[in-house]
């Protein structure tokens, strides 16, 4: 399922117009992205949670040349599956 499929499902199940459903889905994703950008955790009970992991800088090596390279600290978003979703997929 992609964003377009999600918009269509929301439209069909709630008798909305496509622009209304698209606005809702876009708002939902934008709010999640904004919360993560601010360092907050996003939790959807029974489904999943998203959070940001912080990594310190380190010295790496270019695999092609063998040259030492400084890698800057970074933050990356992570997804953690919820218990109910795990059971539903596995069951």
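All of the numbers you see were taken from the coordinates with simple rules; none came from a lab. Predicted, not measured: the structure shown is a model, and the values here were computed from it.
When only C-alpha pairs under 8 Å and at least 6 residues apart count, what is the relative contact order of the stretch 3-90, in percent? This gives 21 percent for the stretch 3-90. The angle between the Cα long axis of helix 18-37 and the main principal axis of the chain comes to about 30°, on a 0 to 90 degree scale.
With distances taken between every two different alpha-carbon atoms, the stretch 3-90 has a Kirkwood hydrodynamic radius of 16.2 Å. Most fluctuating residue of 67, 43, 22 in a GNM of the chain with Cα springs under 10 Å: which is it? It is 67.
From the alpha carbon centroid of the stretch 2-18 to that of the stretch 19-38 is 15 Å. When the chain is treated as a Gaussian network with alpha carbon springs shorter than 10 Å, the biggest mean-square fluctuation among 62, 14, 30 belongs to 62. Under a Gaussian network description of the chain, with springs only between Cα atoms under 10 Å, the residue in 54, 74, 64 that fluctuates furthest is 64.
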